[in-house]
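Have a look at the structure below before the remarks.
Coordinate-derived values only; no laboratory data. From a predicted model like this one, the values you see are computed outputs, not experimental measurements. Cβ placement follows ideal geometry from the backbone for every residue including glycine, while neighbour counts extend to all protein chains displayed.
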Amino acid sequence: MELNVSANENINGTLVLPLYEGSESVPESCEVGMPNSLKSQINRVLSDGDFKAKKKSTMTLFGGEDGKAILVGLGKSDDCTSHDFRKAGAAVTAGIKKSHGSELTVRFDNVGVANMGAFAEGMMLRDYSYDNYKQKDDDEDKTEVSVRITCSEAEAEELTKLVVEYKGICKGVHLSRDLGNCPPNDMYPEVFADMAWEWAKDFDNVDVTIINYDQAIKAGMGGLVAVGMGSARKPCMVIFEMNKHVEGRCPLLVGKGITFDTGGISLKPGTNMDEMKYDMGGSATVFGTMEALAQTGHEGKVVAITCMAENMPSSNAQRPGDVITTLSGKTVEVLNTDAEGRLVLSDGLWKAGEFDPEYIIDFATLTGACVVALGHEATGLWSNDDDFRTRIHEAGNVVGELAWPMPLLPAFEKEMTDSKIADTRNLGAGRYGGANTAAAFLKQFVPNRGYEKDGEQITWAHMDIAGTYWGSKTNTMVKNGATGIHVRTIHHLITKS
């Protein structure tokens with residue numbers, strides 16, 4: 001889909017007409033250049049109540065030689081938000097068929113630039129499919145749809161700027177989805193690292209450093225090494241640095257990147273194990289966010305760390321009962337090898353302290369317990385700083401990606417430091433509060449400023465995206481598979497919060 005902004009009043013191809021619930025005729029401001037027969041047909045459908053313009057509803061009208069129209073509902077005008085415009089745009093993209101032709105013209109009734117931009121963003125977000133592994137027919141129609149958003153001359157410059165920004169952000173979201181959807185035989189730690197390395201070559205302000213398996217062993221990254229050593233595809237850590245010349249502290253993102261999770265020796269049930277290719281969703285979110293920042297020309301410094309491993313059972317895999325030493329020097333009693341994401345993150349979080357960041361946010365498809373607590377509707381959000389947690393929550397609200405504040409209680413930390421033979425344990429004492437105890441475990445590896453023993457802990461937040469990175473049927477921005485969740489949230493947090 002190619003989307004552009006124009007102050008030209010012509011209607012090219014199929015007209016897309018967003019309408020509020022209760023509309024009984026074409027808004028006067030939308031009538032310019034509309035063929036009379038098409039206008040009469042729309043008016044008749046609206047006045048008869050055949051199209052009620054409820055949220056996300058669509059209807060296609062074929063007016064013969066006088067053109068076609070897609071009516072799209074926005075719901076009631078008094079409670080319609082930018083999120084509703086975004087969802088309406090996505091609904092249009094989801095319903096586009098060959099019969100609509102290759103050109104669309106979207107016309108609004110004085111709704112404001114922000115809402116027009118949200119509609120365009122929804123169209124672009126939904127314009128995604130992962131069909132890399134499907135055979136294409138030689139005669140298959142490959143015509144790209146061209147969309148023109150019309151507006152007044154006074155709105156054109158501002159709307160164009162907004163649409164260009166959303167295009168860049170959507171590239172980041174789509175990259176995150178591509179990474180998550182890629183089958184695990186073709187997406188493993190080395191491939192991810194190579195992709196990051198090649199990607200960085202396109203940007204003068206981005207550097208990528210890869211810490212390979214041998215280097216990770218030498219550095220003492222016991223968490224990363226333990227999780228990945230059972231696989232023939234060895235683990236690695238990938239570090240992204242954007243605008244590293246800029247002085248001062250910066251945001252730092254850390255991603256869990258388990259490219260496939262069998263559970264290791266603590267083998268998962270076979271049902272739906274194919275979905276464990278999505279267990280690198282945290283690293284996909286991080287990579288996608290860096291892409292979005294790069295595409296939109298972010299000039300500030302940002303660092304990101306992805307912890308890549310494949311968790312496999314084998315004769316040299318870690319075992320339940322092992323005790324490992326992490327990069328921090330703290331030891332972990334491994335009670336379950338399927339609680340592996342927190343182990344790779346323990347090294348990523350500790351490594352983050354070397355960059356003296358303003359704050360650290362980690363992303364992980366970490367626990368089924370988070371899905372039990374919040375379903376597929378919200379990401380779990382924990383932090384050692386209430387104000388910072390609120391900032392992330394509010395950034396998510398702005399872009400329509402819900403992150404729900406969760407408790408980080410001292411009792412959970414005590415539970416995770418209650419091993420009789422090690423500093424910490426990688427599993428809670430019981431079945432309850434599993435997402436909370438996982439967050440409490442991670443907190444033990446967030447370094448103090450300057451690694452000082454009695455210093456202040458660096459501001460940190462943990463986002464458990466196990467329920468929102470894939471399988472969210474209520475996320476209308478994507479048809480299926482990986483959602484690319486929170487690329488937009490963190491882009492907003494970094495650039496506008």
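One table, with the values for the structure above:
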quantity	calculated
Two-decimal Rg/Rh across segment 208-272, once Rg and the Kirkwood Rh are taken from alpha-carbon atoms	1.09
Charge dipole (segment 169-496, unit charges on Cβ, about Cα centre) - positive-most of S315, G400, V208	S315
Rg to Rh quotient for segment 310-396, alpha carbon positions, Kirkwood Rh	1.02
Share antiparallel - DSSP beta bridges, segment 175-332, percent rounded to 5	60 percent
FRET efficiency for V164 and K420, using Cβ-Cβ distance with R0 set to 60 Å, rounded to 0.05	0.55
Directionally averaged shadow of segment 232-330, computed from the convex hull of its alpha-carbon atoms, nm²	8.5 nm²
Rough spin-label spacing in nm, given labels placed 7 Å along Cα→Cβ, for R449 and N43	6.8 nm
Centroid-to-centroid separation of segment 53-102 and segment 351-411 [C-alpha atoms, Å]	34 Å
Estimated FRET transfer efficiency (D207, N10; beta-carbon r; R0 35 Å; 0.05)	0.15
Rounded to the nearest 20 debye, dipole of the chain from Cβ charges on Lys, Arg, Asp, Glu	1100 debye
Distance between modelled label sites at K76 and D186, nm, 7 Å Cα→Cβ extension	4.8 nm
As computed over the chain, the Cα convex hull volume per residue (Å³)	160 Å³
Proximal lysines to K301, defined as alpha-carbon separation beneath 18 angstrom and excluding residues fewer than eight positions away on the same chain	K201, K244, K351, K496
Out-of-range pairs (alpha-carbon distance over 29 Å; input K52/K97; K97/K136; K55/K161; K167/K443)	K167/K443
Whichever aspartates and glutamates have a C-alpha closer than 20 Å to that of K39, once near sequence neighbours (fewer than 8 apart) are set aside	E9, E21, E24, E28, E31, D48, D50, E65, D66, E103, D109
Candidates per trypsin sites (Lys or Arg not before Pro) in segment 386-441, loop by DSSP, up to 16 other Cβ within 10 Å	K420, R431
Dipole axis of segment 2-127 (+1 Lys, Arg; -1 Asp, Glu on Cβ), positive-most option in F85, M116, N8	F85
Euclidean distance of C-alpha centroids, segment 207-224 and segment 153-173, integer Å	39 Å
Coil-residue GluC sites (Glu not before Pro) of segment 392-480, DSSP, other Cβ within 10 Å capped at 14	E452, E456
Approximate spin-label separation E299-N36, in nm, with each point projected 7 Å along Cα-to-Cβ	5.5 nm
Magnitude of the charge dipole, segment 403-497, Cβ model with Lys/Arg +1 and Asp/Glu -1, debye to 20	460 debye
Simple Cβ-charge dipole of segment 290-343, Lys/Arg +1 and Asp/Glu -1, about Cα centre, in debye nearest 20	180 debye
For T325, net neighbour charge (Lys/Arg +1, Asp/Glu -1) across residues whose Cβ lies under 12 Å away	-3
Binned Cα-Cα distance frequencies in segment 17-134 - 5 Å width, integer %	2, 11, 22, 24, 20, 12, 4, 2, 1, 0
Förster radius 51 Å - calculated FRET efficiency between F62 and K244 (Cβ-Cβ, nearest 0.05)	0.35
